[in-house]
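The values are calculated or read from the model by the stated rules, or taken from the named source; none is laboratory data. Being a predicted model, the structure only gives us computed values, none of them experimental. Ideal geometry is used to build each Cβ from the backbone, glycine not excepted, and the neighbour counts take in all protein chains shown.
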Amino acid sequence: MEKTRAQVTCAFCRGTGRSRGAVCQVCRGAGTVALSSPTRRCVYCRGSGLQQRGSALTCGVCRGVGWVTVEEDAVPCPSCRGTGVEPESKLPCLTCRGKGVIAAEKA
């Protein structure tokens, strides 16, 4: 099965193509980013594209896009229960890599 491409608005610059007076480092000024489908909003940064609120650092899970590519048959991650965060820390879940879901055959 061939994956299709989805254009999503860059979360880091909110689609403007500029961030802090310069060309956005995530979308390179385009305001959108192409991802393989299916996609879902990044649960680790809650779609903000930022490592944490008020930060100028990009989210390590979605790389600042605010969206991640997931498997078609994805199910909630049993380790983090779909939050994308390790239960004992604020780091991305190691099982799902912070996406909050895993492929059904891995569950």
(Q) So, in the range 1-54, exactly how many residues are within 14 Å of the chain's Cα centre (by Cα), among the aliphatic types (A, V, I, L, M) and in a loop (DSSP other than H, G, I, E, B)? (A) 3
Q.
Just to be sure I understand, how many residues within the range 73-107 are in contact (Cβ under 8 Å) with a residue 40 or more places away in the chain and either of a type in the set (Phe, Trp, Tyr) or over 17 Å from residue 47 (Cα atoms) (or both)?
A. 0
(Q) Just checking, does the range 56-69 include any residue being at positive phi and of a type outside the set (D, E, K, R)? (A) yes
Q) Among 35, 57, 50, which is the only one that is without any contact (Cβ under 8 Å) to a residue 40 or more places away in the chain, closer than 24 Å to residue 81 by Cβ and not assigned by the TED database to the domain that holds residue 100? A) 50
Q: Give me a count of the residues in the range 55-78 that are surrounded by 15 or more Cβ atoms within 10 Å (Cβ to Cβ), more than 13 Å from the chain's Cα centre (by Cα) and assigned to a loop (DSSP other than H, G, I, E, B).
A: 1
